[in-house]
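These notes are about the structure you will find just below.
The values are calculated or read from the model by the stated rules, or taken from the named source; none is laboratory data. What you see is a predicted model; the values in this text were computed from it and never measured. So basically every Cβ, Gly included, is an ideal-geometry build from the backbone, and we count neighbours across all protein chains shown.
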Amino acid sequence: MDRLLVGDVGFGKTEVAINAIFMMATQGFQSLFLAPTTLLSSQHFKSLQERFADVNISIGHIDRTIKAKAKKQYLEEFENGNLDVIVGTHSLLNVKAKNLGLFIVDEEHKFGVKQKEKIKDISKNTHILSMSATPIPRSLNLALSKIKQIDYLNTPPMDRQDIRTYVKEYDEAIIKTAILRELKRGGQLFYIHNRISSLDIKKQDLLDILPNLRILVLHSKIPADISENEMIKFTNKQYDILLATSIIESGIHMPNVNTILIEDSNHFGIADLHQLRGRVGRSKREGFCYFLVADTEKITDDAKKRLLSLERNSGL
């Protein structure tokens, strides 16, 4: 197969991938699981470890957080056929396999044409499963012209609720209310500020509003191993808010985080905003998403259309 699986954020595309890997491994074939970011590849690695803990399926992990010695060992074992699946980022495109049966591409819209051609070369005699919540027009064109097969995941998980979405002018009172409401119900928050240079200033702004907030700051220039350790602390509720650039956009699954505030949301594309909103409301709790803009009168007509369409279309 060369199949594109389209399903909304949090609808269970990864679950389909895990089942496919299991089928391959039990029939003696290997799988590659490609993700666009280090954070997402680490999350998939942990998910596979948890899910396959009771079965004899061996898993490797390759991205910039993995030490060279461990990486070399994983690559050798995969080439010898002693490893069932490797999860990782772009470096997977150079991996050699003994008996590759399946190539999974998560967040397919994040990869460029050259990378997709490389995937095709690697997987000439294997199945390809591409997954996306927001497929790019080129992928949809391939699917609709029958070059790729296409499937839709249309059903949300049980107990999932709509994400309440608001477009608001930046206002400290709104931010304070949103943070306190989420903390009161034992939850955590994402705050997206997409400029690395002013993240520390934004952290101080938030502390001026609520001095006791425990804030974790993350962006792409922080070393991957530090990011990984800090994210574990955040998952263990040692922080209240993750203040970050849009690096959390791709597939991050944190069921305890159910409010997201996105500053200068008029500067994001509609697919990015939809992905960011999909980081919350991933449990039984209702999610809240605030698209914040500096001044509603000064944003472009296109940005207004994007934000209003997302505000109106917040149902599952």
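Here is a yes/no grid of residues against (1) out of contact with any Pro (no Cβ under 8 Å at 6 or more places or on another chain); (2) small (Gly, Ala, Ser); (3) in contact (Cβ under 8 Å) with a residue 24 or more places away in the chain:
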site: GLN27; (1), (2), (3): yes, no, yes
site: THR38; (1), (2), (3): yes, no, yes
site: PHE52; (1), (2), (3): yes, no, yes
site: ASP63; (1), (2), (3): yes, no, yes
site: ALA70; (1), (2), (3): yes, yes, no
site: GLU79; (1), (2), (3): yes, no, no
site: LEU93; (1), (2), (3): yes, no, yes
site: GLN115; (1), (2), (3): yes, no, yes
site: ILE119; (1), (2), (3): yes, no, yes
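For segment 289-301, name all the residues that are outside any loop (DSSP other than H, G, I, E, B), surrounded by 10 or more Cβ atoms within 10 Å (Cβ to Cβ) and not hydrophobic (A, V, I, L, M, F, W, C).
TYR290
Only one of HIS109, HIS127 is at pLDDT 75 or above and within 17 Å of the chain's Cα centre (by Cα); which? Reasoning before the result, please.
Numbers: HIS127 fails: within 17 Å of the chain's Cα centre (by Cα).
HIS109 is the lone residue from the list that is at pLDDT 75 or above and within 17 Å of the chain's Cα centre (by Cα).
For segment 69-126, what are the residues that are in contact with a strand residue (DSSP E or B) (Cβ under 7 Å, 6 or more places away or on another chain) and among the polar types (S, T, N, Q)?
Within segment 69-126, SER91, ASN99, SER123, THR126 meet the criteria.
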